[in-house]
Each structure stands twice: as structure tokens, then as C-alpha cells.
């Protein structure tokens, strides 16, 4: 209703005779407002429901220090105790390796698309490929790496292979968001830099990328959040281990999604059910912490704050 | 500008380090029965090698092997054993693809699998070692019925769909004095491919007196509604009145379902216990050659007190051909699994331990691995 009141002055100048039809217009406006509001509520219901369920069922294990510092070695589904340290570290290590590989490729690729290759056939081809890569399901990425890493090269299943397939999933996300951020940098800034005689590479390094830095970091964090919860590559490319293994190049490795999957079939047993919910909550918290970090980094490193 | 960019890079580095530092140093939980955690590892000596053993396969033996690993680690603290319950088929595939050191499977190696396994073991045959008996329960949920008796033909007709209601004369005849409702029987089956389904349908075919028309297979061919995994069918029966399913013993117990006693034709209905399941295994015949201990179960056994619906889960290992340190690990762990201590922990989890004479045979086969 307030929207109607606000909108009115804008129309008054153009069409004065509209006041006569205000009844039907007001009705349409109310209808649209109600529909949009309903859609919002509908979208929120599952989100709030999931959060409420996971938090209420999972929080109590997270309160103990053991959860954050111990593995599940020797703990069976009938026994309480142990923690998720092995899985948290596994998830962090694999995500970190993924980021180390994917971020430079994605950022440099985006720089090429925006700064150098604009409008060329090569850039259009890369752009098109990235669009396709965005739509590749995680299971396909996992099977591709399985074919290369295990079938062709004959290596064993290890955490690093998971990282390789996660790179395929993270790359398009980071590349696209970086590209959008670089496009947002006004051409005036580049032209001002050129006018001062600064070469192109230095302009990109010192002007374009720093201006877009906050947005790039946000894109990286969103990409990380996306790959952290992926399960298919973990199921196919590495065995789950209840034990601490910090070496991504040797042996089975725990991770939060596979920890959930492991005890999922034993929900009739309370200790297992508790751990499933707690692991789910831990995963959500990790993603949340990453997102908060992204916001903070974006805020403190933006050019304007200086 | 340069100070600013330094700050920027610094903040990212600090943030990512912080994430790692949050959980910088973790440890393994101390064993529950920590009588002498420091003394045991030093006194263990030659029996306990060091290293990591990776295995994969049958989900039916997951709880058993998890328990045995836990017990084994109290003895041998320096060995890490990982077991991934991805299913019998997946386990054999990963074993043959040289991804794991031994596999768990609900059925012995088939000839073509044996060919691949021999290749994987550098030209030496692989062996099937029976390790755990997993009884399969027929679980029901009918109001007021806490003791229920079935025989082979009646069970086959129910799961085939030819007996449709609980008060059918065939069921009533087996359960005198029990009031059964006239409600239709809801059957739940495993929608995923399962060793449990395969063994259960073998039983229905062997002792159903021709009432079961399908061939035994991992995929269900009878009547009913599909549910995923053991947890799914158990949950289905628990939440649905007048329903019936077949499921591993432990799931029936954990979900507090009524378990049918089986009349195997010996005259007295047999309750499902570790003992009665062990007796059925005694009726099995060896089917393997050499030290291979694959068993052919007799599902139609009429032996007194033998509960006939069981599955045997095997560990599949190389007789030769693994690297020396892996061989030592496999021998150390598997011989603990088949030992009295290892088998004793299984009864509480609703598995049945191997009968003594089979334990001896399996142990001899493990010692022959080199």
C-alpha cells in the first residue's frame, strides 16, 4: 500500500487522468505485492526449516572440545564420542588445494577475457566453454578425473584427485564472477592510467585488479563454498577414513560430506544420528565462516575505504 | 599503493591461516577400554606391524568390521584400517583395480572376477575367507503380534504376492491362537541391488516349494514397495502397520521390529539367535579349491535348530603378490578378525560368529598367505 503512495507523484506529471482508475490499479498492486510476499515466504520456509532442524539436532555435539580436536578412530556407530577433526581437516585441505589451483587460472583467464581478448574469436570460444563447464554436474567432473587419474595414469584414489575434480567445478564460478567484477571497473580509470604513460600490464596490476579486489575475493569464497559441500567427487575419488590423514597424496581421507554419508544409514542408532546432524551443522558453519571472511576482506581491502 | 596492496595480500593470508589454525592440532580419541594404552604398543612386538590398510566392500559387514577394527586398534595401535562400505560389487571392482588391499563381499568371487583378481595379485589366485555370518530376519509390524511363525513356502507366497492378507489360512495354520487382522500385507523390498536380496531369494527358491518363481538375484523380482538400503526397509516396516520385510538382523533389532521364527521343516519353529544361525552354516558345503574357503549354503536345510536364512560375508585377499608390508598388515588384521577375541565382539551387534571348525580353517588359510 505504501508503494502506491510512493509511486503516485512520479506519474502525476505525465498522466493526470489516471486517478479515475485507481481502484483497479490499487487492486493489481495489492495482488502483486501479496504474490511477491507469498513467494518470499515460500522460499524462506525450507531454508528456515533446514537451519532450525540442523541446529536443534546438531548443536550439542559441537559444544564439546572433542568434536573439534578428535577423529572417529575406533568409534563405531553404537558408541558415542570422538569428533570431526579428521573430516574438517580433510575438507579444508582439499578445498585449499582446489583454491590454489583454480584461483590463479580463473583470475588470469578473466583478465584475458576482459582486458586482452575482448571481442576476439578466442575469447568467445573460451567464454562459451566456461558456460558449458558451469553446467557440468559434479559426478561428470569426478568421473572425468577418475578416467584420467586412475584409469589412464594408474594412480590410487587420493585427496588430490578430489581437488582436481573440484577445480573443474570451482573454475567457472570464480572466472565468471571475476569477469563481471573486472567489467564493472570504469574505463575512465584505465584511460586515466594510460594517459599518465603507465603500460597496460601495470594498469591491470595496479589499477584494475585492486579496484575489483573485493568482488574477486567474494567470488573466490562463493566458489569455495560451492565445492566444499560436493559429495560425488569424494565418493568416487577417495575412500572415507575415520582416521586423521593430512597427506592429500596418499591414502584415504575423511571429509564432512562423506562423514555424513557414512552414518546416514544408521539413523536408528542415536550416537550415529547425532553425529550426522552435527557434521551437517559443522559443514554449514564452515561455509558461513568463509562467507563472513569474504565480506570482511572485501570491506577492509576496498579502494574506497582508504 | 604498495602498502595498501601488501595489507590486502596480508589480510587474505592471515584469514586463510586463521581457518587452518582454528583446528590446528587434533588427535585420536582415547580408546574406551584404556587399560594400558602406552604399554600395549611396545609389548605387541612382531604381531603388530605398522602402516595403513585400506579395504572396501559389503555394507552388510560394516558394523562388524568397524567393531573389530576398534578392538584391533586397542591391541595394535600403530595400524590404521579403513573400511569403506560401498557394496560388495564395488568392493570387488576396487580390489581388482588395485585400489584397496582387501575387499569385503557378500558372495564369493565369480569365475570372471577371479580371473581379474588373479591378475591383480600378480598371477596368484585370490581367496574367499568367510568371516562373518549375517542372519537375515523376516521382520513384521502387526498390532498385538509379538510371536510369529513362518515356513519356506508361506514366506515365498507372501513375498511373491500370492498370499495377500494376514488372515490367510496358510498363515493362520502356522500361528494357532494368534489373532491376525484381515488387512492386506504390505511388503517392502530393497530397491538397491543387494547381497541381502540375493541370499534371501536363494532361500525362497530353495525352500519355497516352487512358490517363488523368480531366479535369485541382487535385484528384487517379487511383489511390494521398494525402499533404499537396509535402513529404508526397516524404517518402512516400523512406520507402516501390517507390513513385512527381510532385513539384516541388527536393523530389525535396532528398530524393535517383531522377528518371525522360521519352521525349516524340522518340526519346531526356530528363533533367530547367534547359535541357530551358526548351526545353519555348519550345514554348508565348501565350494572353493585349495585354501579358498567359499561356501555353498544349504538354504533348504532341515537340521534341527538351524535358522536357514543367513548370508556369509567374505574377505577377499591375495594369496601372494602384495608388497611385503601390506602382506604383514593383511595377515595381522585378518587373523585377529577370525580369532576368538575378534569373533566374540560380533554377537552383541547381531551377527553370528563363525563355528569353531571354520574359524580354524580360515585361520590356516590366512597363515598360508605370503
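The values are calculated or read from the model by the stated rules, or taken from the named source; none is laboratory data. No experiment lies behind these values; they were computed from the predicted model shown. Positions of Cβ are generated from backbone atoms using ideal geometry, with glycine treated the same way; all protein chains shown enter the neighbour counts.
Scan region B:63-118 for residues that are within 14 Å of chain A (Cβ to nearest Cβ) and over 22 Å from residue B:336 (Cα atoms) and the total you get is 9. For the structure I just gave you, tell me whether residue B:258 is over 27 Å from residue B:183 (Cβ atoms), more than 14 Å from every other protein chain (Cβ to nearest Cβ) and more than 17 Å from the chain's Cα centre (by Cα). Here the answer is no, as residue B:258 does not meet what is asked.
Of A:226, A:275, A:190, A:295, all but one fail to be part of a helix (DSSP H, G or I), within 12 Å of another protein chain (Cβ to nearest Cβ) and out of contact with any strand residue (DSSP E or B) (no Cβ under 8 Å at 6 or more places or on another chain); the exception is A:295. For region A:237-260, a residue qualifies if it is within 10 Å of chain B (Cβ to nearest Cβ) and either assigned to a helix (DSSP H, G or I) or over 14 Å from residue A:85 (Cα atoms) (or both), and the qualifying residues are A:238, A:239, A:250, A:251, A:252, A:258. Taken together, the criteria place residue A:234 among residues that are closer than 30 Å to residue B:103 by Cβ and either surrounded by 17 or more Cβ atoms within 10 Å (Cβ to Cβ) or out of contact with any helix residue (DSSP H, G or I) (no Cβ under 7 Å at 6 or more places or on another chain) (or both).
Quick one: is residue B:248 modelled with pLDDT of 90 or more and away from every other protein chain (no Cβ under 14 Å)? For residue B:248, the condition - modelled with pLDDT of 90 or more and away from every other protein chain (no Cβ under 14 Å) - is not met.
Of all the numbered requirements in (1) buried (at least 16 other Cβ atoms within 10 Å of the Cβ); (2) in contact (Cβ under 8 Å) with a residue 40 or more places away in the chain; (3) in contact with a strand residue (DSSP E or B) (Cβ under 7 Å, 6 or more places away or on another chain), residue B:287 misses one, and that requirement is (1). Would you be able to say whether some residue in region B:100-119 is assigned to a loop (DSSP other than H, G, I, E, B), touching a strand residue (DSSP E or B) at 6+ places or on another chain (Cβ under 9 Å) and surrounded by fewer than 19 Cβ atoms within 10 Å (Cβ to Cβ)? No, region B:100-119 contains no residue that is assigned to a loop (DSSP other than H, G, I, E, B), touching a strand residue (DSSP E or B) at 6+ places or on another chain (Cβ under 9 Å) and surrounded by fewer than 19 Cβ atoms within 10 Å (Cβ to Cβ). Residue-level check: of (1) away from chain B (no Cβ under 14 Å); (2) in a helix (DSSP H, G or I); (3) closer than 19 Å to residue A:230 by Cα, residue A:136 misses just (2). Tell me, please, whether a residue that is more than 13 Å from chain B (Cβ to nearest Cβ), farther than 22 Å from residue A:131 by Cα and either surrounded by fewer than 19 Cβ atoms within 10 Å (Cβ to Cβ) or modelled with pLDDT under 90 (or both) can be found in region A:201-222. Yes, region A:201-222 contains at least one residue that is more than 13 Å from chain B (Cβ to nearest Cβ), farther than 22 Å from residue A:131 by Cα and either surrounded by fewer than 19 Cβ atoms within 10 Å (Cβ to Cβ) or modelled with pLDDT under 90 (or both).
As an exercise: evaluate residue A:263 against (1) closer than 27 Å to residue B:86 by Cα; (2) surrounded by 21 or more Cβ atoms within 10 Å (Cβ to Cβ) and give the number of the one condition it does not meet. Failing condition for residue A:263: (2).
Scoring residue A:78 on the criteria (1) more than 7 Å from chain B (Cβ to nearest Cβ); (2) surrounded by 15 or more Cβ atoms within 10 Å (Cβ to Cβ); (3) within 28 Å of the chain's Cα centre (by Cα) leaves a single failure, condition (3). Quick check on residue A:64: is it free of Cβ contacts under 8 Å to residues at least 60 places away in the same chain, farther than 28 Å from residue A:178 by Cα and over 26 Å from the mean Cα position of the chain (by Cα)? Here the answer is yes, as residue A:64 does meet what is asked.
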